[in-house]
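In what follows, a single structure is set out as structure tokens and then discussed.
Only the coordinates and a few stated rules stand behind these numbers; no lab work does. None of the values given here were measured: they were computed from a predicted structure. Every residue, glycine among them, receives a Cβ derived from its backbone with ideal geometry; neighbour counts consider all protein chains shown.
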Amino acid sequence: MARIAGVNIPTNKRVTIALRYIHGIGPAKANEICEKVGIADERRVNQLSDSEVLQIRETIDSDYMVEGDLRREVAVNIKRLMDQACYRGLRHRRGLPVRGQRTHTNARTRKGPAKPIAGKKK
């Protein structure tokens, strides 16, 4: 099992698919990394040599922000919005949808399970 950026990537998947297990790498960046290192699309992780895995690891470390650093930056950005008390920051603070979605119905993912209101009948 190859370990890249602190993540164990699955060995029996294609390299472009396996790289997506790393937070911050999606389809486009995975393909871009494979092109930089010179790995064919049909290669699987268990077919890679140690030097190729090392090249992938070095490419990701030097050119991309992934995993812990990326999560930390996103958390700092959200905290900055909350400290500014701008609209988006207030929505984050209250646990409501941030990007203009409706809340009269739906929004259960952000608001959590529905709370019953005492004495409400329809």
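Listing for the model above:
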| read-out | value |
| --- | --- |
| 5 angstrom amide H check on Ile4, placed H, neighbours 5+ away | Ile9 |
| Rounded to the nearest 20 debye, dipole of the chain from Cβ charges on Lys, Arg, Asp, Glu | 1800 |
| Candidate lysines for bridging to Lys121, where Cα separation is under 28 Å - those fewer than 8 sequence places away on the same chain excluded | Lys111 |
| Contour excess over end-to-end distance, with Cα ends at Lys79 and Asn106 and 0.36 nm allotted per residue | 7.2 nm |
| Region 25-40 - phi-based ³J(HN,Hα) in whole Hz, Karplus 6.51/-1.76/1.60, Gly and Pro as x | 10, x, x, 5, 5, 5, 5, 5, 5, 5, 5, 4, 7, x, 9, 5 |
| Those aspartates and glutamates that a straight Cα-Cα span of less than 13 Å connects to Lys13, excepting residues fewer than 8 apart in one chain | Asp41, Glu42 |
| Degrees between helix 67-84 axis and first principal axis of the chain (Cα, 0 to 90, nearest 10) | 30 |
| Whole-number percent relative contact order across region 2-82, with pairs defined as alpha carbons under 8 Å at least 6 apart | 33 |
| Under Karplus coefficients 6.51, -1.76 and 1.60, residue-wise ³J(HN,Hα) of region 46-61 in Hz, glycine/proline x | 6, 8, 6, 7, 4, 5, 5, 4, 5, 4, 4, 4, 5, 4, 5, 5 |
| Charge tally in the Cβ shell below 12 Å around Glu42, where Lys, Arg are +1 and Asp, Glu are -1, Glu42 excluded | +3 |
| Region 8-54: relative contact order as a whole-number percent, Cα under 8 Å and 6+ apart | 43 |
| Table column - 3J(HN,Hα) (Hz), region 8-14, Karplus curve with 6.51, -1.76, 1.60, x for Gly and Pro | 7, 8, x, 7, 8, 9, 5 |
